[in-house]
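Worksheet for the structure shown next.
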Amino acid sequence: MADGEDAAGKGGADTKARRRKASPRKASPRKALAHLNAGDPVLAAIIEATGTLGDARAGRPEREDHYGALARAIVGQQLSVCAARAIYGRLTARFGGRPPTPGEILADDPQELRAAVGLSRAKVGFLGSLAEHVISGELQLERLDDLPDDEVIDELVAVKGLGRWSAQMFLMFHLERPDVLPVGDLGIRRAIERAYALEELPEAAAIEGIAEPWRPHRTLACRYLWRSLQNEPG
C-alpha cells in the first residue's frame, strides 16, 4: 500500500474511532430506566411518580438542522417554554415557515427582524454572530456530530450568545447525547435539593457526586428531574 493510501486508511479509522467516542451507543429506554432505578432509589421514586416522558424532540428543528437548533437556543434564552416557542414561531414565519439560513439572517435588517419577531437587540446580535461564525467556517456544524461532548461545548461557546448551558441543551435535546449533566441549571439544582432533602441548593461537586450512579444515562435522569418540577426546557 502506498504511503498516501496508508495515511488515508489510518485517517478513516481515526474518524470512525472518534465518531464512536463522540456518539456513545444509546441504550434502549427500558435498559436506561432499569439502570437508573437500580442505581438510585430517590431517582427511582421520581421516575415512578412521573411516568412516561414526552417526545424530547417535539417542536424542535430536524435532527440534521444544527443551525436551526442553535438559532432556536439563542431565541429562547431566559424565556419560559411557551414564550420561547412563540418567538421562535415568529422567526420561522418570517422565513416562510422554516428556520432561516445564516445568509438570510445577515441579509435581514436588524431593526425589522427585531420588531417582527420580538427579539432583544442583544439576541439579534447573537443570531448575527452565529451566522458569521458559520459562514466564515469558524464553526463547522457538520463536525459537531463527530466531536466528544466537551469539544462540542468548546466550539459553541466561542460564539457570542452561546454559553455553556445552551451548549449542554444542544447536546441533550438536539444531538441526543445520553450522558450530559448540566450542573449549573437552576431547575436541576432545585429538583435535587427537593428530592434529596438538602438544606440548600447543591453546588456542582455535590451534584456530580449524587449523579455518579446515573452514568451513562445522566441526560435521561435530568429529564425526570426537570419533569418533577414541571420545568423541562422546551
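The values are calculated or read from the model by the stated rules, or taken from the named source; none is laboratory data. Keep in mind it's a predicted model, so treat the numbers as computed, not measured. Here the Cβ positions follow ideal geometry from the backbone for every residue, glycine too, while neighbour counts run over all protein chains shown.
Results, tabulated for the structure shown:
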| read-out | value |
| --- | --- |
| Residue in segment 112-119 that is under 25 Å from I87 (Cα atoms), of a type outside the set (D, E, K, R) and part of a loop (DSSP other than H, G, I, E, B) present | yes |
| Checklist (1) surrounded by 12 or more Cβ atoms within 10 Å (Cβ to Cβ); (2) modelled with pLDDT of 95 or more applied to D109, failing item | (1) |
| Any hit, segment 23-34, residues being loosely packed, with under 12 Cβ neighbours inside 10 Å, outside the structural domain of L162 (by TED's automatic domain parsing), out of contact with any Cys (no Cβ under 9 Å at 6 or more places or on another chain) and not in a loop (DSSP other than H, G, I, E, B) | yes |
| Wholly within segment 160-234, helices (runs of 4 or more DSSP H) carrying at least 3 residues that are over 30 Å from G128 (Cα atoms) and out of contact with any helix residue (DSSP H, G or I) (no Cβ under 7 Å at 6 or more places or on another chain) | 186-195, 204-211 |
| Count of segment 58-84 residues which are touching a Gly at 6+ places or on another chain (Cβ under 6 Å) and in the same structural domain as G118 (by TED's automatic domain parsing) | 3 |
| Residue check for A191: farther than 18 Å from R72 by Cα and in contact with a Ser or Thr (Cβ under 7 Å, 6 or more places away or on another chain) | yes |
| Residue match in segment 165-185 (condition: surrounded by 15 or more Cβ atoms within 10 Å (Cβ to Cβ), more than 30 Å from H217 (Cβ to Cβ) and not aliphatic (A, V, I, L, M)) | no |
| Segment 53-106: number of residues that are polar (S, T, N, Q), surrounded by 15 or more Cβ atoms within 10 Å (Cβ to Cβ) and either under 26 Å from T219 (Cα atoms) or touching a residue at least 60 places away in the same chain (Cβ under 8 Å) (or both) | 1 |
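Matching residues to (1) assigned to a helix (DSSP H, G or I); (2) of a type in the set (A, V, I, L, M, F, W, C); (3) touching a strand residue (DSSP E or B) at 6+ places or on another chain (Cβ under 7 Å); (4) closer than 23 Å to A167 by Cβ:
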site	(1), (2), (3), (4)
G59	no, no, no, yes
Y67	yes, no, no, yes
R72	yes, no, no, yes
L79	no, yes, no, yes
A83	yes, yes, no, yes
I87	yes, yes, no, yes
T92	yes, no, no, yes
G97	no, no, no, no
E104	yes, no, no, no
